[in-house]
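Following: one structure in structure tokens, then a few remarks.
What follows draws every value from the coordinates through simple rules; no lab data is involved. Source: prediction; values computed, not measured. Cβ placement follows ideal geometry from the backbone for every residue including glycine, while neighbour counts extend to all protein chains displayed.
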Amino acid sequence: MLRVAVLVSGRGSNLQALIDAVAAKELAVDIVVVGSNKVAAEGLRRAEAAGIATFALDPAGYADRAGYDREFFERLGEYAPDLVVLAGFMRVIDPAALAPWIGRVINIHPSLLPKYAGLKTHARALAAGDARHGASVHYVTAELDGGPVIAQVDLAIEPGDTPDSLATRLLPLEHRLLRQCVAWIADGKVALAGERVHVDGVARDVPPLV
Ligand code: GAR
């Protein structure tokens, strides 16, 4: 069974969606560890409640990003994950620490990438007057929120929407998207080959909406 590590920095509702899907036997993966850069992250408590191993490393004790990330990924490696899911993990990973893991790390990002890499995505979609907003799951590369997209979800922006209302409507769609993408990877349907997503062994550049 695919060994999955999940990295969180906060609430952990996407992590919870994966935990619940595994418990309901809708997702056949083994969540072997949940790691965080925040000792107090609610996601760590969710993992503990589900009996999943956890670790937290506080960046405060490290001189630089490279040293912290090297140690963080060494700790992660002890659990031998096949797949690392960034689920609200709010750190940019040092390229040298990430390099050996490329192709095994995915991230969920609350925008229709390539639009709105980085932060405040809901406010930026509203400010731009977009008709639609959404979320993407993508392979993590050295470029911030820039790796190949596996799949997306979208929704209509309604008159009167605020960043909070958009975030609230998007969240359950994010949960579905993340479960779907992890299931595809567990089934061997989706993989990163070079710089492109392959689906059933065939390169695909236009990500599906799910
Ligand atoms: C989610 O909306 C996720 O898309 C976003 O953080 C939230 C985490 O929620 N991720 C990013 O913004 C990454 N740049 P959760 O902790 O409840 O899963």
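Some observations on this one:
To keep it simple, each residue is scored yes or no on (1) assigned to a loop (DSSP other than H, G, I, E, B); (2) more than 13 Å from the ligand (Cβ to nearest atom); (3) within 14 Å of ARG91 (Cα to Cα).
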site	(1), (2), (3)
ASN107	no, no, yes
SER111	yes, no, no
PRO114	yes, yes, no
ALA123	no, no, no
GLY129	yes, yes, no
HIS133	no, no, no
HIS138	no, no, no
GLY147	yes, no, no
ALA151	no, yes, no
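- Residue count for region 51-63 satisfying the condition of being in a loop (DSSP other than H, G, I, E, B) and buried (at least 16 other Cβ atoms within 10 Å of the Cβ): 2.
- Looking across ASP30, ASP82, ASP64, one residue alone is more than 16 Å from the ligand (Cβ to nearest atom), within 26 Å of GLY146 (Cα to Cα) and in contact with a strand residue (DSSP E or B) (Cβ under 9 Å, 6 or more places away or on another chain). It is ASP82.
- Residue in region 125-140 that is surrounded by fewer than 21 Cβ atoms within 10 Å (Cβ to Cβ) and closer than 24 Å to LEU18 by Cα present: no
- Which listed residue, of ALA40, ALA66, is aliphatic (A, V, I, L, M), assigned to a loop (DSSP other than H, G, I, E, B) and farther than 20 Å from HIS175 by Cα: ALA40
This table checks each residue for (1) among the charged types (D, E, K, R); (2) within 19 Å of SER9 (Cα to Cα); (3) surrounded by fewer than 18 Cβ atoms within 10 Å (Cβ to Cβ).
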| residue | (1), (2), (3) |
| --- | --- |
| ILE108 | no, yes, no |
| LEU119 | no, yes, yes |
| ALA123 | no, no, yes |
| GLY147 | no, no, no |
| GLN152 | no, no, no |
| SER165 | no, no, yes |
| HIS175 | no, yes, no |
| LYS189 | yes, no, yes |
| ALA203 | no, no, yes |
